[in-house]
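The values are calculated or read from the model by the stated rules, or taken from the named source; none is laboratory data. From a predicted model like this one, the values you see are computed outputs, not experimental measurements. All Cβ positions, even for glycine, are placed from backbone atoms using ideal geometry, and neighbour counts span all protein chains on display. Each accessible area value is taken on the protein alone, full model and side chains, heavy atoms only, with ligands, DNA and RNA left out. Shrake-Rupley method; radii C 1.70, N 1.55, O 1.52, S 1.80 Å.
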Amino acid sequence: MHVGVYGSGYLGTVISACLADFGTPVGCCDTDSTRMVEMAQGNILFFEKNLKEIVKRNVRCGRLAYSTDVEAFSKKNLVIFLAEDSAERLREVVLRIARHAGRPITFSLVTPVPVGTAASLERALAEAKLRASIVSQPMFFTDGCAVEDFNWPDRIILGTTSNEAVAAIKQIFHPLIMRGVPVVVTNHETAELVREAATAFVATKISFINELATLCERVNADAVNLSLALGLDKKIAPRCLQPGAGMGGVFAESDMDSLAQLAREKGVNLKILTAAREVNTALAENLVAKISGMVNSVQNKDVGILGLAFKPNTNSVAGSSSIRLAQTLVAQGARVRAYDPVALTDAKLELNGTVRYCETAYAAAEGVDALVVGTGWPEFRTLDFGKIKTLLKRPIIFDTKNLLDSVRLRAMGFQYMGVGRG
């Protein structure tokens with residue numbers, strides 16, 4: 001079966017490359033000819049661990065092709081994944097592809113959409129007298145782990161009324177189903193709601209542990225060990241129960257915005273979601289308050305930040321707690337220097353020249369009153385902290401990710417502060 005993926009952004013690039021890695025012939029289509037040429041050469045516009053190698057490998061062996069010919073793309077593929085990062089042109093794209101196809105096809109709707117979108121698209125197809133099945137198929141990728149998330153998903157969600165469409169999607173994802181990945185078949189509205197609800201639930205967990213982290217600091221408890229103990233409870237699980245600087249990500253805010261908007265429209269008050277978002281938003285202010293306490297006000301002070309990506313192994317800064325922290329520091333009069341292994345280009349677009357960007361972690365540490373670990377890049381664990389101590393104006397480290405060895409650093413003479421650690 002030839003499979004098509006429409007979209008060349010984050011979702012489209014990940015999905016087309018990973019499907020091709022199953023051994024499936026995949027055509028990726030977009031109207032941006034410059035981007036298609038770049039991707040065919042293996043030049044991806046963003047950083048994602050292992051993805052570039054997968055793209056190059058599958059282009060080289062002929063399983064992955066890029067095209068701007070929407071008509072040929074529509075006629076060739078029986079199943080087409082709608083994987084643009086934004087739903088702005090979704091209706092137009094669906095109708096255009098269905099007209100060119102000239103026969104019944106199956107659309108897998110991966111683009112993040114509000115509840116009711118699939119039903120609306122089905123009505124548009126019926127009004128245009130076009131035959132196509134739509135499957136609402138939310139996928140759950142975390143920046144920096146997208147390839148792993150695709151190949152080892154917790155579940156496959158299929159929202160549709162078509163048994164034939166379910167069979168076609170199951171055939172494509174046979175390698176995962178054979179591994180025991182569960183498939184949940186439901187209606188469109190439930191599948192669309194799953195993405196937003198999952199994001200909101202993770203935000204609630206993270207906000208809850210961050211509130212407990214504040215309590216831990218007051219009672220001399222350790223939030224990392226508390227998280228471990230709670231996470232070992234099979235009813236809770238540890239992955240998203242870690243204190244830190246908050247929750248971020250490409251689609252996190254939009255998912256929660258969409259869910260909150262849906263609840264308002266239906267007259268439902270999601271108090272826990274509202275509270276979780278308030279906690280998440282307030283974390284940057286709380287962190288700056290702690291830094292201010294360590295350096296006696298951040299005004300006219302120099303602060304170095306290690307990491308601007310919202311998490312390791314990605315260049316995405318969407319919803320990044322490090323970006324919010326930098327913005328809050330600048331707003332309160334601090335001078336900020338920052339380093340990130342891959343996210344500086346994207347960060348510059350967000351921070352608009354308010355921050356000095358450094359080529360190394362050591363340059364970010366030079367002459368600052370406090371050094372902040374903002375992203376949990378593993379390389380920060382292996383820095384030469386003896387050298388860093390000589391570069392800092394004051395030997396102060398604030399670790400928002402609880403990444404570093406606090407015992408060792410304190411023994412070296414650093415004033416170290418983590419999140420939720422006594």
Worksheet entry | Accessible surface of segment 272-409 [probe 1.4 Å, protein heavy atoms]: carbon and sulfur percent | 50
Practice prompt. Select from Cys61, Cys18, Cys216 the residue whose mean-square fluctuation is largest in a Gaussian network model of the chain (Cα-Cα springs shorter than 10 Å).
Written response: Cys61
Item to complete: Binning at 5 Å from 0, report for segment 372-422 what percent of all alpha-carbon pair distances ends up in each bin.
Response: 5, 21, 34, 29, 10, 1
Item to complete: Apply the Karplus parameterisation 6.51 cos²θ - 1.76 cosθ + 1.60, with θ equal to phi minus 60°, to every residue of segment 316-321 and state each ³J(HN,Hα) to the nearest whole Hz, in sequence, with x for glycine and proline.
Response: 5, 10, 4, x, 5, 5
Item to complete: Could you calculate the FRET efficiency of Ser297 with Ala363 from 1/(1 + (r/R0)^6), where r is the beta carbon distance between them and R0 is 30 Å, rounded to 0.05?
Response: 0.75
Fill in: Given Lys76/Lys170; Lys234/Lys389; Lys234/Lys401; Lys266/Lys348; Lys266/Lys401, the pairs whose alpha carbons are separated by over 30 Å
Lys234/Lys389; Lys266/Lys348; Lys266/Lys401
Fill in: Label-point separation, Glu88 to His2 (7 Å along Cα→Cβ), nm
3.0
Practice prompt. Report, please, the projected area of segment 333-392 averaged over directions, based on the convex hull of its C-alpha atoms, in nm².
Written response: 4.3
Practice prompt. Kindly state, as a whole number, the per residue volume in cubic angstrom of the convex hull around the alpha carbon atoms of segment 121-165.
Written response: 100
Worksheet item: Which whole-number value in Å³ per residue fits the convex hull of the alpha carbons of segment 290-422?
Response: 94
Worksheet item: Roughly how much of Ser321 is accessible, in Å² to the nearest 10, using a 1.4 Å probe?
Response: 10
Discussion item. 5 Å is the cut-off here: which amide hydrogens, built 1.01 Å from N in the peptide plane, fall below it relative to Ser133, excluding neighbours closer than 5 in sequence?
Written reply: Ile105, Thr106, Phe107
Practice prompt. Specify the angular offset, from 0 to 90 degrees and rounded to the nearest 10, of the alpha carbon long axis of helix 90-101 from the longest principal axis of the alpha carbons in the chain.
Written response: 30
Fill in: Stokes-Einstein D in µm²/s, Kirkwood radius over Cα pairs - segment 17-168 at 37 °C with 0.692 mPa s viscosity
201
Worksheet item: What accessible area per residue comes out for segment 1-153, rounded to a whole number of Å², with a 1.4 Å probe?
Response: 41
Worksheet item: Computed over the Cα atoms of segment 29-91, what is the ratio Rg over Rh, Rh following Kirkwood?
Response: 0.97
Response to the item:
Expressed to two decimals, the chain has a Cα Rg over Rh, using the Kirkwood radius, of 1.01
Fill in: Positive-end extreme of charge dipole, segment 335-395 - chosen from Pro378, Ala363, Thr390 (charges on Cβ)
Thr390
Item to complete: Select from segment 104-205 those trypsin sites (Lys or Arg not before Pro) which occupy a DSSP coil region and have at most 14 other Cβ atoms within 10 Å, ordered by residue number.
Response: Lys129, Arg131, Arg155, Arg179
Discussion item. Looking at segment 275-392 only, what percent of DSSP beta bridges run antiparallel? Nearest 5 please.
Written reply: 0
Item to complete: For Arg335, enumerate residues with amide H under 5 Å from its amide H, sequence gap 5+ or separate chain, H modeled in the peptide plane.
Response: Asn300, Lys301, Asp302, Val303
Worksheet item: Add -39500 (n - 2.57) for each DSSP H run of 4 or more in the chain, then divide by its residues: what number comes out at 222 nm, to the nearest 500 deg cm²/dmol?
Response: -14000 deg cm²/dmol
Worksheet item: What per residue convex hull volume, in Å³, comes out for segment 124-198 when only alpha-carbon positions are used?
Response: 111
Fill in: Crossing angle, helix 117-127 versus the chain [Cα axis fit, 0-90 degrees, rounded to tens]
20
Worksheet item: What Kirkwood hydrodynamic radius do you get for segment 264-331 when you take the inverse of the mean 1/r over all pairs of distinct Cα atoms, in Å?
Response: 13.9
Practice prompt. May I ask you to give the solvent-accessible area per residue for segment 349-422, in square angstrom, as obtained with a 1.4 angstrom probe?
Written response: 45
